[in-house]
Amino acid sequence: MILLIASAMRGGGQEPAMEWTFEAARQCWPAMTKAVQHVGVPGCQWQAGVYWDGALIIGQTLHRDVYRHPRIAEEVEIARLGDNRLHLSVGYGDTFRLPDRAGTNAPAVRRFLEGGCLPIPHIETSEGGLVWHETVYARLAGRPMEAGMDPRPDDMPVIRMRFQVKNSGRARRTGHLWLHFGDTTGTQGLSRQLPDLAPALPHTFSPPYGEIGGRVRYLLPAPVRGALRWRDALPPPPGSTAPARRVIEWEVALAPGEAVDLLLILPYGLIDRRQATRLLKQDDRLLFDEVKRFWKKLVYGPCRIATPEPFINDYLAAVAGQMAQQICYRHRAGLWMLKTSPNWYEDYYPANAARALPAFDLRGLTHLSRPVLASFIAFQSDDAGGLLVNRTGGEAGALSGESGLGGVGFARRKGFLGNFGPPVSAVPPGDPRQGWTANISLMCHGAELFALAAHYRITRDSRWLRSGRPSPLEAILDACDWIAFQRDRTLQTGTPYRGLLPPASAHDWLSGSAIFNDAFCIYGMAEAARLLREIRHPRAGEVAESLRDYRACLRDRYREARDRARPFPLPDGTEIPFAPRLVDEPDWASVDWTYTGYGPLRAGGLGALDPDDGLVSQALAFAETGRPSEGGREFLWRHYVEQETHWPMYDLFLARDDLPRFFELFFHTMAAAVHPDFRVGCEARDGVVACAPGDSERWQMSRQLFVRERGGYDGSEQELWLLQAIPRSWLRPGSRLGVRDTGTYFGGRISLSLKADEAGKSISAEVRLKKLSVCPKAVLIRLRSGDGRPLRSAEVNGSSGGTLPGDLIRLPAVRNGVFKIIGRYE
């Protein structure tokens, strides 16, 4: 049953009779049909993309050919890849046919991951009584998987594609596999393969070597059965107009029930025959087992989340592998980064990376996050010039000095995070300052500051915190001081942004004095203040006081901006105040919905504004009402799923304890933004098809159903909330769920389990707090019923205990302990 939740519902105790379920949310969204699964090695900067139909891509980006990017071209030269651009198309049938090139979710093609969650894609295609099974994985040439995190300039992934054909019928049949090696002009980004095949690469085939210009591009060892044939030209496949040239056909006859394999080996770059011969000598089955063991150890690692939804369980497990593949090292710059989307966004979006890194730490995968954090520190500088690029009207502006933004600008002072070299688009061609940063922004500074402080709070690794020059602790203090220094300059002005940071670039097409900018800096500063207080640093009080003043300035400046703005008309003829995104944005009609149309909402979720502040509530009313348009009204979101899905606003609804809105957001995000077959989340539906930082956000959102550190927005102590937001659909009689060994921002680890009794009269929970470094301000656990009945009584470790409104129970605030709790509803 599909339910619509009334927008007025708020709070854990104010709920509709029923609430959203995953099944109901799925009925509202057609499944995405263009999944792309990347295969790579953690630490190595190169990945191949495997399309929904079994095709494969190397070296294609959204806006431009990857090799025209000067920094990428340098890395290609360092790795000696040669011109390795490739779009491999895979066809089947008596004549060359492409099974589902357009991505229509054709029933003959099925996709899945190894074990449901390992980044080893499988594509199964049924054709003429035959079943073709394609398996793809990547491994470094000559080095084990673990070696990727100790990168070498010449590291090269080798992609292995095993095609197995099985005769599933009762009669003898002949199978035909067709391989077309084209350039990358046959795609548009990663989300679309053009109907016509791309021009064929100038390759030759002398079995087993496929060569271009005397260097090996691929290897096709002779199969046990069947024949490999070169087809110089073939008629266009159905649906296309271009003839297929330089195609390799595998023809094999099979008896009923018989299966035969063919192996295709694709080095990421061009190699010589000596290197190729070494690859041919390797046992593919042993290599596959090695790669599978590596991914199982990482994905099934110390922290697991279990729900009654198998799809969600698989996806949450898969996130670790999807993210790990995007950890990479850029050799010329000496830069570790977490990519946003490989073969698409090869520039660096540091805020995406910073928001994602705590997921590694909370899962105990600190060896993956720490190199990226080290690069945050290594690239910290006094150069914030890129903040003055005016993006509101395009790419106008300069990297330093005057810009179209006005204001006092940014003075040079050490401590700025987020400048990994200016974007290629912001400096003249050939300018040596060209770097990796896609957009230098204040959001990057705040998010990186948070990630550095959070890494210590989760790991409690004092040696890491104080090691190096500068140490992470010094970098954190410098970042806080940079904020205070720039704010002091605006405090001396009579501008609408006094006490805030100067106007700056906010995102791809917004600049100015945006709440988005200051909210992220407050978010990072608050985590730093909590760290300093917990280690009893002598500057803890000073930073906390600066933070409190900053939050007050943000609130006051945006209340003033709201009061200057044109009120927003509601459908019933009344008006509400308009809470703007920028201090000088007086008209709600000019708001761009993407990213920051909900500025105060994001500020409330980050804790820069109190979550229940009137500015937040007014912005929520504006977003839910929708803006008048020619067709009626237009909306920022649908069921709280935004156009770009990778930063769901879960933190605001959990901070407000607004469970109805949260469940609507949670289930619709899982239904709308995650490919159902390859278990990879998108940035936009059938747009940017893979976005590892978004996967991290959804994992952290899911963890917070079970374990959430709450409050402390001014740098003060936080509470620990357990089982705050468990959906009733997960609490049916006999249901079991829980989380094992998740890290916490208090240090240590937490495990908890939950079981609903078969009669539906009670729920039992077990909580294990293990070596928390600091005591939470309070520990609360919520025991909801599966049918909406309120909690009547509770028992903790055999003793009767009281209950609080909202199905809450207070537990002792301790650092170690085991609590066995029974909640009863009669």
**Asked** Residue check: is R708 not aliphatic (A, V, I, L, M) and not in a helix (DSSP H, G or I)?
**Response** yes
**Request:** Test E346 against the stated conditions and say whether it is at pLDDT below 90 and closer than 25 Å to L298 by Cβ.
**Result:** yes
**Request:** Six or more apart or on different chains, Cβ under 8 Å: which pairs go from a residue in segment 651-670 that's without any contact (Cβ under 8 Å) to a residue 60 or more places away in the chain to one that's open to solvent by less than 10 Å² (accessible area, probe 1.4 Å) and basic (K, R)? Could you list them?
**Result:** L652/R602; F653/R661; T669/R698
**Prompt:** Which numbered condition trips up A222, out of (1) surrounded by 18 or more Cβ atoms within 10 Å (Cβ to Cβ); (2) part of a loop (DSSP other than H, G, I, E, B); (3) among the aliphatic types (A, V, I, L, M); (4) modelled with pLDDT of 95 or more?
**Reply:** (1)
**Item:** Tabulated pairs, segment 195-220, first within 26 Å of P238 (Cβ to Cβ), second part of a loop (DSSP other than H, G, I, E, B) and of a type in the set (V, I, T), C-beta under 8 angstrom, 6+ apart or interchain
**Value:** P195/T241; D196/T241
**Item:** Unmet requirement for D383, which otherwise passes all of (1) surrounded by fewer than 24 Cβ atoms within 10 Å (Cβ to Cβ); (2) in a helix (DSSP H, G or I)
**Value:** (2)
**Prompt:** So, in segment 711-736, of the ones that are open to solvent by 10 Å² or more (accessible area, probe 1.4 Å) and assigned to a strand (DSSP E or B), which residue ends up nearest to R548 (Cα to Cα)?
**Reply:** E719
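Considering only segment 780-803, state which residues are assigned to a strand (DSSP E or B) and under 20 Å from V707 (Cβ atoms). Walk me through it before giving the result.
Start the filter on segment 780-803 by keeping residues that are assigned to a strand (DSSP E or B), which leaves 780-782, 793-796, 799-801.
L780, I781, R782, A794, V796, listed by residue number.
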**Asked** Within the set of pairs 6+ apart or on separate chains, which have a first residue in segment 497-512 that is within 10 Å of S441 (Cβ to Cβ), a second that is acidic (D, E), and C-beta atoms under 9 Å apart?
**Response** L510/D592
**Request:** Please enumerate the residues belonging to segment 194-219 that are open to solvent by less than 10 Å² (accessible area, probe 1.4 Å) and part of a strand (DSSP E or B).
**Result:** G210, V216, R217, Y218, L219
**Asked** Restricting the first residue to segment 676-689 and requiring it to be at negative phi, which pairs with a second residue that is open to solvent by 10 Å² or more (accessible area, probe 1.4 Å) and among the acidic types (D, E) meet a Cβ separation below 6 Å and a spacing of at least six or different chains?
**Response** E683/E644; A684/E644
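When you go through A506, A519 one by one, which is the residue that is under 23 Å from A619 (Cα atoms) and not in a helix (DSSP H, G or I)? Steps first, answer last, please.
Details: A519 fails: not in a helix (DSSP H, G or I).
Within the list A506, A519, the selection yields A506.
Matching residues to (1) at pLDDT below 95; (2) buried (at least 18 other Cβ atoms within 10 Å of the Cβ); (3) part of a loop (DSSP other than H, G, I, E, B):
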site	(1), (2), (3)
T104	yes, no, yes
R110	no, no, no
L113	no, yes, no
G116	no, no, yes
E124	no, no, no
E134	no, yes, no
G142	yes, no, yes
P151	no, yes, yes
**Complete:** Within segment 225-278, the residues that are open to solvent by 50 Å² or more (accessible area, probe 1.4 Å), touching a Pro at 6+ places or on another chain (Cβ under 8 Å) and farther than 24 Å from P199 by Cα are Q275
**Per-region count, segment 386-405, residues assigned to a loop (DSSP other than H, G, I, E, B) and at pLDDT 65 or above** = 1
**Request:** Collect the residues in segment 20-44 that are modelled with pLDDT of 95 or more, in contact with a Leu (Cβ under 7 Å, 6 or more places away or on another chain) and part of a loop (DSSP other than H, G, I, E, B), keeping them in residue-number order.
**Result:** W20, V41, P42, C44
**Neighbours by Cβ (under 9 Å, 6+ apart or cross-chain): first from segment 600-627, in contact (Cβ under 8 Å) with a residue 40 or more places away in the chain; second of a type in the set (S, T, N, Q) and part of a loop (DSSP other than H, G, I, E, B)** = R602/T596; A621/S7; E624/S7; T625/S7
**Request:** Take R536 and decide whether it is over 29 Å from A479 (Cβ atoms), of a type in the set (K, R) and without any contact (Cβ under 8 Å) to a residue 40 or more places away in the chain.
**Result:** no
**Message:** Can you list residue pairs whose Cβ atoms sit under 6 Å apart, with the first residue in segment 437-464 being under 16 Å from V372 (Cβ atoms) and the second being part of a helix (DSSP H, G or I) and open to solvent by 10 Å² or more (accessible area, probe 1.4 Å)? Count only pairs 6 or more apart in sequence or on different chains.
**Reply:** A447/R355; F450/Y523; T459/T366
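Regarding R533, is this residue open to solvent by 60 Å² or more (accessible area, probe 1.4 Å), more than 22 Å from F653 (Cβ to Cβ) and part of a loop (DSSP other than H, G, I, E, B)? Give the steps one after another, and end with the answer.
Details: open to solvent by 60 Å² or more (accessible area, probe 1.4 Å): yes; more than 22 Å from F653 (Cβ to Cβ): yes; part of a loop (DSSP other than H, G, I, E, B): no.
No; evaluated as a whole, the condition is false for this residue.
Restricting to segment 478-496, name every residue that is closer than 27 Å to I377 by Cβ, touching a residue at least 40 places away in the same chain (Cβ under 8 Å) and open to solvent by 20 Å² or more (accessible area, probe 1.4 Å). So that I can check it myself, show each step before the final result.
Looking only at segment 478-496, we keep the residues that are closer than 27 Å to I377 by Cβ, and these are 478-490.
Now narrow it down to the ones that are touching a residue at least 40 places away in the same chain (Cβ under 8 Å): 478-487, 489-490.
Residues satisfying the conditions are D478, D481, A484, F485, R489.
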**Request:** Filter segment 536-556 for residues that are more than 21 Å from P502 (Cβ to Cβ), open to solvent by less than 60 Å² (accessible area, probe 1.4 Å) and in a helix (DSSP H, G or I) and give the result.
**Result:** A540, G541, A544
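Open to solvent by 10 Å² or more (accessible area, probe 1.4 Å) and either at pLDDT 95 or above or of a type in the set (S, T, Y) (or both): is that true of R463 in this structure?
Details: open to solvent by 10 Å² or more (accessible area, probe 1.4 Å): yes; either at pLDDT 95 or above or of a type in the set (S, T, Y) (or both): yes.
The answer is yes for R463.
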**Message:** Can you confirm whether N84 is among the polar types (S, T, N, Q), open to solvent by less than 40 Å² (accessible area, probe 1.4 Å), within 21 Å of G189 (Cβ to Cβ) and not in a strand (DSSP E or B)?
**Reply:** yes
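Return the only residue of I750, I781 being among the β-branched types (V, I, T), within 30 Å of L465 (Cα to Cα) and touching a residue at least 12 places away in the same chain (Cβ under 8 Å). Before the answer, list the steps.
Working: I781 fails: within 30 Å of L465 (Cα to Cα).
Answer to the check: I750.
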**Item:** First in segment 723-746 and in contact (Cβ under 8 Å) with a residue 40 or more places away in the chain and of a type in the set (G, A, S), second anywhere and part of a helix (DSSP H, G or I) and open to solvent by 20 Å² or more (accessible area, probe 1.4 Å), Cβ under 8 Å, 6 or more apart
**Value:** A725/Q704; S729/E23; G743/T459
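Determine whether segment 689-705 contains at least one residue that is among the polar types (S, T, N, Q), at pLDDT 95 or above and either outside any helix (DSSP H, G or I) or in contact with a Gly (Cβ under 8 Å, 6 or more places away or on another chain) (or both). Working first, answer last.
The initial filter retains those residues of segment 689-705 that are among the polar types (S, T, N, Q), namely 696, 700, 702, 704.
Subset that is at pLDDT 95 or above: 696, 700, 702, 704.
Narrowing the set further to residues that are either outside any helix (DSSP H, G or I) or in contact with a Gly (Cβ under 8 Å, 6 or more places away or on another chain) (or both) leaves none.
No.
Going through segment 804-826 one residue at a time, which ones are within 22 Å of D787 (Cα to Cα), part of a loop (DSSP other than H, G, I, E, B) and open to solvent by 50 Å² or more (accessible area, probe 1.4 Å)?
Of the residues in segment 804-826, the ones within 22 Å of D787 (Cα to Cα) are 804-809, 821-826.
Subsequent filtering for residues that are part of a loop (DSSP other than H, G, I, E, B) retains 805-807, 825-826.
Across segment 804-826, the qualifying residues are P805, E826.
The values are calculated or read from the model by the stated rules, or taken from the named source; none is laboratory data. Just so it is clear, the structure is predicted and the values come from calculations on it, not from any experiment. Neighbour counts are summed over all protein chains in view; Cβ atoms, including those assigned to glycine, are modelled from backbone coordinates with ideal geometry. Accessible surface areas use protein heavy atoms only, side chains included; no ligands, DNA or RNA. Shrake-Rupley method; radii C 1.70, N 1.55, O 1.52, S 1.80 Å.
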